[in-house]
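The values are calculated or read from the model by the stated rules, or taken from the named source; none is laboratory data. Treat the numbers as computed from the prediction; the structure is a model and nothing was measured. We place every Cβ from the backbone using ideal geometry, glycine too, and count neighbours over all the protein chains shown.
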Amino acid sequence: MNNEVYSHLYRTSEKISQLYCLPKVHKEGVSFRPILDYTGSTGYNTSRFLADILAPLVNMSQYSVKNSKQLAEGLSSFRLDEDDILAFHDVVASFTSTPIKESLDVIRERLEQNPEWKYTTLLETEDIMELLESIFSTMYFSFRGQIFRQKFGTAMGSPVSPLVANMFMEHLEGKLHATAPKELKLKV
């Protein structure tokens, strides 16, 4: 790692992320989505740096879609048979339910299998893993004047969190599809 990158990633900020909540207007009842204002915090630069490195490793599943346009195009020519079932799934609290240790194992495997990320950095796999572990073991935030540490999952608001959550979900979906009985395999 050169001095410029090191200086950019070295934690010098004293700002602790602030927790705020947004209402889930699409859900019944009054539930909230906790989000950390991670911008300018001690881990923001490292998280943003890692997100840029990991971005090419996401959406590699045949069941992933990049956006609603790609989904609409894929479904435009798709026809359901009479005995087909149209099903969607949703993960409850995806970010905070993402298991960190297992996610880090998935990331390590993807880094080792796909060399595309090496064009964006001089870091080695171990360097990236150490930085990720550092980010996820130091998710501190302030709420109502008290400081807390997030113990489970990833923080909504950290730039690297969506990538980690998506990679873990892709891994989980791949395992489910590989072991599903033939009559339950997905068509699309």
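Overview of results
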{"read-out": "Considering residues of segment 64-112 that are outside any helix (DSSP H, G or I) and surrounded by 14 or more Cβ atoms within 10 Å (Cβ to Cβ) only, the residue modelled with the lowest pLDDT", "value": "V65"}
{"read-out": "Residue that is surrounded by the most Cβ atoms within 10 Å (Cβ to Cβ) [pool: residues in segment 32-63 that are of a type in the set (A, V, I, L, M) and in a helix (DSSP H, G or I)]", "value": "L50"}
{"read-out": "Residue that is over 22 Å from Y140 (Cα atoms) and within 16 Å of the chain's Cα centre (by Cα), where the choices are S76, S68, S61, S47", "value": "S61"}
{"read-out": "Within segment 116-160, tally of residues that are out of contact with any strand residue (DSSP E or B) (no Cβ under 9 Å at 6 or more places or on another chain) and either among the polar types (S, T, N, Q) or not in a helix (DSSP H, G or I) (or both)", "value": "15"}
